[in-house]
Amino acid sequence: MANIDVSSSRKIHASDVLEALSTQVRVIHALILRETKTRYGQHKLGFLWAILEPIIMVALFVAIFAGMRNDSPGGMPLVPFMLIGIVPFAFFRDVMNQLQGAIVSNKTLFAFPQVTTFDVILARGLLEILITFGVFGFLLSMIHLAGYSINVQRPLEVLAGCGLLAMLGLGAGFTFASISPILPSLRQITSAFLGRPLFLASGLFFTADSIPSEIRQYLLYNPIMHILELIRGAFFFEFETSHGSWHYAIAWSVGALATGLITHQALRKKAIVGL
């Protein structure tokens, strides 16, 4: 009889876990739909702006660099080269930026016991990652139709690199989202230190080999530069990187995500009180 009772309690426990997971999936799905409608449903440009922004940035930098130099960076075509820097960087930057205000802008939802701070942060992150993947695929299709040859050498490595950038963004986003209600000025601080400086120092429009070694040794502390080097090496057959390290990139991405989750776990109650 004792054995039967133990087996029965295990079954009940398993069903409770499955039910809790099912509820959380439904909540996150509903939050993603709500976030989509809030961000894009009320504006005609909506999703169109998500496509136009990287197009404008790529066109701007292509025009600048085409006027400055005649050769292609690392032997890679200039337009795809810029695209493979700017759009993957958005997996980090846009995810991090969107997550920072997740708790503050959804404070009314915490009146519902099913909705937690973790849910609203994760929902925003997943939505931003899906949008960026969609924009990436669309723009690759457009430049292929424009006459550029798109022959991805190792597509799984390209996806892995984008995944690592998304993990970095999620980790930073969870951290900053948990601290922002307690320290409202944090967004300005992160914008100053993680916005334009990282944009300029992450290799979006240059390769590690194209800069002096005295500068390169410091820029390579930046994991984003490693990941972009790896993505380009996997994307273009003309380019192989001797500087990008998967081990370094993975360590940073996993560490950032772990730090973000631990920070959120420690501060989630204070973050709600801070609202």
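Every number in this text was worked out from the coordinates using simple rules, so none of it is lab data. Here the structure is a predicted model, which means the values were calculated and not measured. Virtual Cβ from ideal backbone geometry, glycine too; neighbours counted across all protein chains shown.
For the reader, a short list of remarks on this structure follows.
- Residue range of the chain that is longest and free of trypsin sites (Lys or Arg not before Pro) which are both DSSP loop and sparsely packed (at most 14 other C-beta within 10 Å): 70-275
- When each of E214, E53, E19, E229 is scored by the number of other beta-carbon atoms lying within 10 Å, the sequence from fewest to most is E214, E19, E53, E229.
- Overall form of the chain per C-alpha gyration tensor (a/c, 1.5; a/b vs b/c): prolate
- Those chymotrypsin sites (Phe, Trp or Tyr not before Pro) in the range 206-259 that DSSP places in a loop and that have at most 11 other beta carbons within 10 Å: Y221
- Axis of helix 117-145 versus longest Cα principal axis of the chain: the two differ by about 30°, to the nearest ten degrees.
- Compared with the dominant principal axis of the Cα atoms in the chain, helix 46-68 is inclined by about 30°.
- Dipole of the chain, positive end: most advanced residue of L139, V95, I32 [Cβ charges, Cα centre]: I32
- Axis angle, to the nearest 10 degrees, between helix 78-100 and the longest C-alpha principal axis of the chain: 30 degrees.
- Our estimate of slack between F65 and T259, defined as 0.36 nm per intervening residue step minus the Cα-Cα distance, is 66.1 nm.
- Unit charges at the beta carbon, dipole of the range 46-273: most positive-side option, P113, A256, F205: P113
- Anisotropy class of the range 166-271 from Cα gyration tensor, a/c 1.5 cut: prolate
- Segment S149-Q217, length gained on full extension (0.36 nm per residue, minus Cα span): 21.2 nm
- For the range 174-212 and the range 237-275, distance of Cα centres in Å: 13
- Under Karplus coefficients 6.51, -1.76 and 1.60, residue-wise ³J(HN,Hα) of the range 186-196 in Hz, glycine/proline x: 4, 4, 5, 5, 5, 5, 6, 9, 10, x, 4
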